[in-house]
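To keep things clear, I will list the structure first and then write my remarks on it.
The values are calculated or read from the model by the stated rules, or taken from the named source; none is laboratory data. Model, not experiment: these values are computed from the prediction. For neighbour counting, all protein chains shown are included, and Cβ atoms are generated from backbone atoms with ideal geometry for every residue, glycine included. Just the protein is used for accessible areas: all its heavy atoms, side chains included, with ligands, DNA and RNA removed. Shrake-Rupley method; radii C 1.70, N 1.55, O 1.52, S 1.80 Å.
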Amino acid sequence: MTVDALTDVTGVRVGHATRAGGGWLTGTTVVLAPEGGAVAAVDVRGGGPGTKETDALDPRNVVRTVEAVVLTGGSAYGLDAASGVMAWLEERGRGVRVGPDPGHVVPVVPAACLFDLGRGGDFRARPDAATGRAAVEAAHASAPGAPVAEGCVGAGTGAVIGLLKGGVGSASTVLGSGITVAALVVANAVGSAMDPETGALYGELWQGRQGRWPRADVHEAARRRLAEVALTHSLPPLNTTLAVVATDAVLTKAQAQKVAGTAHDGIARAIRPAHLLNDGDTVFALATGARPLADEPLALNAVLAAGADLVTRALARAVRAADPVDGPGGTWPSYRQLYGGS
């Protein structure tokens, strides 16, 4: 049975650490690979990224697999969450072997951050190593194939998208070949997730959901509310959308990098405009290698197309799952609050 989430890729687990209330509105999400690691790659398209260990994923470099990927709030400060994940992995002997003792390992833990500083009220309330450890422990404790919590959790706790509250979304599919492809997205963008003329989510237009466009009167009320909210936002937008696309296919690092790059098309479908200077849009790809690509390049093309489609669908789900925020750090209504089930 599938749960339409990243954890449908066998062996992949997801854990969130969420801090909300009392000046906090941030968190960390960890994608934990099967023991032994997964082939990994990354593609960065935003103009203001904050990352750690992404150079190691270049196909020209020696590291082939990683044990975990960290997505975190807290801007560059939040990258410290990866230290907690590294420590947890080291304690279990998981990482690149660098010495004669089995415990002599260096866990390579790529990480990317998004900007959410001050959204809960306290600029200094941001993830640290303890937050990362809590997130990886949550991932490890989860059952295989468990559903992934969506909305304002983990790295999506303080996420916003345009003038709306953002969050975490996930989706998956099984291709005709039997290969599973899945995505997890943290929607936190300068651009908008919805068509200003109709209120429809861009990420749903391509799915043939035009018949579910919001009623005109509902959309007009939402536009008035968003105009009021815009007057309360005095700071320039600083954001970043993060994603992980995973598959159980056998991929080289170069092929995984192509998956990460094509998946950015999914962001561009669901957010307009995307990949701006104020964004740090980053997509990771993981391949667990359980199923061979039987017919290249057709099989790889199917994985590429599915990855982009799933990022789009996960983004729309993230927006629909988000809860509104109205506090000392600012006001961001949710799509569901404005449009209900439209």
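Values as computed for the structure displayed
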read-out: Those trypsin sites (Lys or Arg not before Pro) in segment 249-342 that DSSP places in a loop and that have at most 13 other beta carbons within 10 Å; value: none
read-out: The chain: calculated mean residue ellipticity at 222 nm from DSSP helix runs of at least 4, using -39500 (n - 2.57); value: -8500 deg cm²/dmol
read-out: Helix axis angle, 298-321 relative to the chain longest principal axis, alpha carbon, degrees; value: 40
read-out: For segment 160-168, 3J(HN,Hα) per residue [Karplus equation, 6.51 cos²θ - 1.76 cosθ + 1.60, θ = phi - 60°, Hz, x = Gly/Pro]; value: 9, 9, x, 9, 9, 6, x, x, 9
read-out: Tensor-based shape of segment 164-209 (alpha-carbon gyration tensor, a/c under 1.5 rounded, otherwise prolate or oblate); value: oblate
read-out: Shape box of segment 220-266 [Cα atoms, principal axes, largest first, Å]; value: 50, 25, 15
read-out: With every protein chain in place, the chain: carbon and sulfur % of accessible area (1.4 Å); value: 53
read-out: With Cα atoms, 0 to 90° folded angle of helix 81-91 axis to the chain main axis; value: 30
read-out: Shape call, segment 204-342: gyration tensor on alpha carbons, a/c limit 1.5; value: prolate
read-out: At R0 = 45 Å, FRET efficiency that the Cβ-Cβ distance of residue 124 and residue 177 yields, to 0.05; value: 0.40
read-out: Between helix 216-231 and the chain: long-axis angle, C-alpha atoms, 0 to 90°, nearest 10; value: 80
read-out: Efficiency of FRET between residue 290 and residue 207 - r from beta-carbon atoms, R0 30 angstrom, step 0.05; value: 0.60
read-out: Nonlocal amide H pairs with residue 191, under 5 Å, H built at 1.01 Å; value: 162
read-out: Of [x] 26, 56, 18, 0; [y] 35, 57, 8, 0; [z] 28, 48, 21, 2, the label for P(r) over Cα pairs in 20 Å bins from 0, in percent derived from the coordinates; value: [y]
read-out: Antiparallel DSSP beta bridges within segment 216-334, percent to nearest 5; value: 30
read-out: Dipole in debye (nearest 20) - the chain, about Cα centre, beta carbon charges: Lys, Arg +1; Asp, Glu -1; value: 360
read-out: Cα-based shape type of segment 29-141, given that a ≥ b ≥ c are square roots of the gyration tensor eigenvalues and the cut on a/c is 1.5; value: oblate
read-out: Theoretical FRET efficiency, 1/(1+(r/R0)^6), r = Cβ-Cβ of residue 141 and residue 2, R0 22 Å, to 0.05; value: 0.55
read-out: Within segment 153-235, GluC sites (Glu not before Pro) in DSSP loop having at most 12 other beta-carbon neighbours inside 10 Å; value: 197
read-out: Mean accessible surface per residue for the chain, computed with a 1.4 Å probe while every protein chain stays in place, in Å²; value: 39
read-out: Listed peptides 131-140, 91-100 by packing density, highest first (mean Cβ within 10 Å); value: 131-140, 91-100
